[in-house]
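A short worksheet on the structure shown next.
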């Protein structure tokens, strides 16, 4: 079921369709919520295998490439930024919020039984509203999606013991993560991102220190590694081309970087992927 707005807004509900279609029909600026409905799910996300169980919910950005290894039931919500970010752009529940760019990991939640009562109710309301066709449909769908995002954000913050920081500080962290997603191929230093944010590199380091998370530089490097693993797994690009794609001018420095973070060379990683395919 799809909603298409007059100015490019896109919203879609999927339930137990051919899993191969999910990656083939990607929309621009897509944000997604994957709600798993059975135990024993094995999913590769950006060339890393993960295991999830029933009623775990994942939040994925346009940059995540994933594939299923088990035929399980699920619910899938996807939407573009024009649909959801019109009024919530700077909120922690918006498109730059905690669930999408607030973490360098794949955010996922494990709702309680009381949480699931609410989520199931809102899902059923979304299904009903998708059949409407009047001037209020957009506002209704957006309102119900926001309800899901608010509840999911609360669950995630509680499960992750999310640090108590001033809202303006958290906004800087999320904006940094968002900028890294956009510019990691050509901007490789903390100073470059600090300049975009009109902050000093030391300010960024202090903020990330409060999160007990990776340093800003480690965040940049982790994003480069994610892209490299994805290209090694899903393309036939030469290793030297992949290194150049993420900012390395010679294959030796790229290979050293990859082995330091992955433990094996790029060619060994690709070979293991092919052997396990």
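The values are calculated or read from the model by the stated rules, or taken from the named source; none is laboratory data. Owing to the predicted nature of the structure, the values given are computational and were not obtained by experimental measurement. Virtual Cβ from ideal backbone geometry, glycine too; neighbours counted across all protein chains shown.
For (1) surrounded by 16 or more Cβ atoms within 10 Å (Cβ to Cβ); (2) not in a helix (DSSP H, G or I), each residue gets a yes or a no:
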site: 244; (1), (2): yes, no
site: 252; (1), (2): no, no
site: 260; (1), (2): no, no
site: 264; (1), (2): no, yes
site: 268; (1), (2): no, no
site: 271; (1), (2): no, no
site: 275; (1), (2): no, no
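Those residues that are closer than 16 Å to residue 146 by Cα and either touching a helix residue (DSSP H, G or I) at 6+ places or on another chain (Cβ under 6 Å) or loosely packed, with under 10 Cβ neighbours inside 10 Å (or both), I need them from the range 126-135; list them, please.
Once the filter is applied, which keeps residues that are closer than 16 Å to residue 146 by Cα and either touching a helix residue (DSSP H, G or I) at 6+ places or on another chain (Cβ under 6 Å) or loosely packed, with under 10 Cβ neighbours inside 10 Å (or both), the range 126-135 yields 126, 129.
Yes or no: the range 67-81 includes at least one residue that is surrounded by fewer than 19 Cβ atoms within 10 Å (Cβ to Cβ), assigned to a loop (DSSP other than H, G, I, E, B), at pLDDT 80 or above and within 15 Å of the chain's Cα centre (by Cα).
no
Can you find even one residue in the range 107-123 that is touching a strand residue (DSSP E or B) at 6+ places or on another chain (Cβ under 6 Å), in a helix (DSSP H, G or I), modelled with pLDDT of 90 or more and not assigned by TED's automatic domain parsing to the domain that holds residue 247?
Scanning the range 107-123, I find no residue that is touching a strand residue (DSSP E or B) at 6+ places or on another chain (Cβ under 6 Å), in a helix (DSSP H, G or I), modelled with pLDDT of 90 or more and not assigned by TED's automatic domain parsing to the domain that holds residue 247, so the answer is no.
With respect to the numbered conditions (1) closer than 20 Å to residue 186 by Cα; (2) part of a loop (DSSP other than H, G, I, E, B), which one is the sole condition not fulfilled by residue 256?
(2)
Any chance you could count how many residues in the range 184-206 are assigned to a helix (DSSP H, G or I) and surrounded by fewer than 20 Cβ atoms within 10 Å (Cβ to Cβ)?
11
Need the failing condition index for residue 16 against (1) under 21 Å from residue 124 (Cα atoms); (2) at pLDDT 85 or above; (3) loosely packed, with under 15 Cβ neighbours inside 10 Å, just the number.
So residue 16 meets the others, but not (2).
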